[in-house]
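The values are calculated or read from the model by the stated rules, or taken from the named source; none is laboratory data. Please read these numbers as outputs of a predicted model, since none were measured by experiment. Note that we place each Cβ from the backbone using ideal geometry, even for glycine, and neighbour counts take in every protein chain shown. When the accessible area is computed, the model is the full protein with side chains, heavy atoms only, and any ligands, DNA or RNA have been set aside. Shrake-Rupley method; radii C 1.70, N 1.55, O 1.52, S 1.80 Å.
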Amino acid sequence: MSGDIHFRKLPPVWFIKILNLFRYGLLYINRSIFPGNIVLYEHFQYLWLLPCIRVAAEFNIATILRDQPRTISELAALTGSNPEYLYRIMRGLIGNGIFKLRKDGRYVNSSMSKALIDGKDSLRYMIMQHLGSFNWGTFNELIHAVRTGDDAVTKVQGKGIYDYLSEHPDESELFTRSMSNLSELSIAPILSAYDFSKFGILADIGGGEGLLLSAILHKYPRLKGILFDRKESITRAESIFIKFGVKEKIKTIQGDFFESAPAGADVYLLKNILHNWNDRDCVRILNNIMKVLPGEGKILIIEMVVSENNKPSFSKLIDIQMMVSMKGGKERTRKEYDTILTNAGLKINKVIPTIAPISIIEVTKL
């Protein structure tokens with residue numbers, strides 16, 4: 001199985017930066033030429049597109065079309081849906097490049113709809129979770145979050161997100177698989193940007209199903225790993241290890257990063273962990289790693305780093321997700337990372353950009 005795993009070769013970061021400058025330039029021209037209300041209304045139209053994408057993900061239409069083209073009647077029969085209404089959903093999606101309609105009246109996948117097929121490079125579970133009733137209902141209380149400084153999940157569910165997920169296993173499973181979808185997107189950019197060959201043992205703190213850890217160990221055969229997370233987060237980890245052919249190289253340890261961190265590694269990985277927590281909690285997590293970090297050891301914080309200019313940035317929008325989901329959760333600027341790291345007795349050695357919105361922040365002891 002592991003012999004079938006390949007990581008795509010990616011363009012260099014500087015090339016992506018040039019493309020983004022060109023892209024943002026076109027957006028600026030568009031916004032400058034057309035009246036503000038027209039441009040704003042164009043943004044608003046995604047309100048109707050996003051639920052259509054969720055329908056396609058829930059009905060698993062892309063997977064159905066992977067095997068052969070289908071008519072709308074066939075799709076409706078296979079998904080148990082109303083043919084006319086499904087046709088209207090597909091029409092809206094096709095107009096935005098998601099799926100294609102052939103001249104013979106049969107539907108096929110487009111490059112974007114293929115991202116809804118389960119498996120490698122899939123976003124299906126991410127879409128179902130983010131556009132599902134739990135997250136959608138949370139965003140209905142964004143105004144509450146802005147007014148009070150509290151998270152919206154607690155307002156809607158009466159408890160924080162992790163307490164809620166621990167009591168709702170189906171939603172927890174969807175959340176975990178959603179995070180794995182997002183993690184898979186970042187694997188190739190991380191492997192292209194950072195050399196892990198200098199390390200012996202890598203501990204992934206809060207690593208969930210162990211997807212990123214498995215990918216790193218697959219590329220670096222001499223590296224060994226520790227997966228550290230809560231019991232409910234690592235239930236599918238062994239199947240991931242087997243898929244990547246690294247089962248014998250990873251030790252799985254159940255635990256809470258607010259209480260401890262496993263000893264024995266020379267590099268500790270925190271991917272999309274610190275953005276869930278306020279500054280005080282981040283320092284608690286980092287202090288626990290500090291207790292077991294060797295003198296020359298490193299911590300790799302993989303997060304978005306918010307730019308302090310006024311240019312468009314994915315990190316500035318995902319920060320709103322953190323606002324509604326986690327009390328005190330946020331995407332941070334370089335200065336904000338400097339502050340929490342200093343309070344934990346650490347310092348930034350370097351920040352390594354990737355072609356994805358995330359960066360790798362290499363951290364050492366002061």
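Take every Cα pair under 8 Å whose residues are at least 6 apart in sequence, average their separation, divide by the length of the range 57-121, and the relative contact order is 39 percent.
In this structure, residue 256 and residue 41 have a Cβ-Cβ separation that, at R0 = 51 Å, corresponds to a calculated FRET efficiency of about 0.65.
With each label modelled as a point 7 angstrom along the Cα→C-beta vector, the residue 194-residue 365 pair spans 2.0 nm.
The value of relative contact order for the range 1-135, using C-alpha pairs under 8 Å at least six residues apart, is 22 percent. Between the helical axis of 279-290 and the longest alpha-carbon principal axis of the chain there is an angle of about 50 degrees.
For residue 360, nonlocal amide neighbours, meaning residues 5 or more places apart or on other chains whose placed amide H falls under 5 Å from its own, are 352, 354.
In this structure, the amide hydrogen of residue 346, modeled 1.01 Å from its nitrogen in the peptide plane, lies closer than 5 angstrom to those of 366, counting only residues at least 5 positions away or on a different chain. Phi angles across the range 168-178 convert, under the Karplus curve 6.51 cos²θ - 1.76 cosθ + 1.60 with θ = phi - 60°, into 3J(HN,Hα) values of 10, x, 5, 5, 5, 4, 5, 4, 4, 5, 4 Hz, Gly and Pro given as x.
Residues whose amide H comes within less than 5 Å of that of residue 332, counting only those at least five positions distant or on another chain, are 306 (H built at 1.01 Å from N in the peptide plane). Short-range pairs are left out: with C-alpha atoms under 8 Å and at least six residues apart, the relative contact order of the chain is 14 percent. Here the gap between residue 18 and residue 32, fully extended at 0.36 nm per residue and compared with their Cα-Cα distance, gives a gain of 2.9 nm.
Couplings 3J(HN,Hα) for the range 106-112, derived from phi with the Karplus relation 6.51 cos²θ - 1.76 cosθ + 1.60 (θ = phi - 60°), are 9, 8, 9, 7, 9, 4, 6 Hz, where x marks Gly and Pro. With each label modelled as a point 7 angstrom along the Cα→C-beta vector, the residue 150-residue 71 pair spans 5.5 nm. The 3J(HN,Hα) values that the Karplus relation (6.51, -1.76, 1.60; θ = phi - 60°) gives for the range 237-249 are, in residue order, 4, 4, 5, 5, 4, 5, 4, 8, x, 10, 4, 6, 9 Hz. Gly and Pro appear as x. Helix 314-325 and the long axis of the chain differ in direction by around 80°, with both axes built from C-alpha atoms. Restricting the range 1-67 to trypsin sites (Lys or Arg not before Pro) that sit in a DSSP loop and have at most 13 other Cβ atoms within 10 Å of their own Cβ leaves 8, 9. Given 0.36 nm per residue, what is the gain on full extension from residue 336 to residue 232 after removing their alpha carbon distance, in nm? So the chain would gain 34.3 nm between residue 336 and residue 232.
Surface composition of the chain: carbon plus sulfur atoms contribute 56% of the solvent-accessible area (1.4 Å probe, protein chains only, all chains present).
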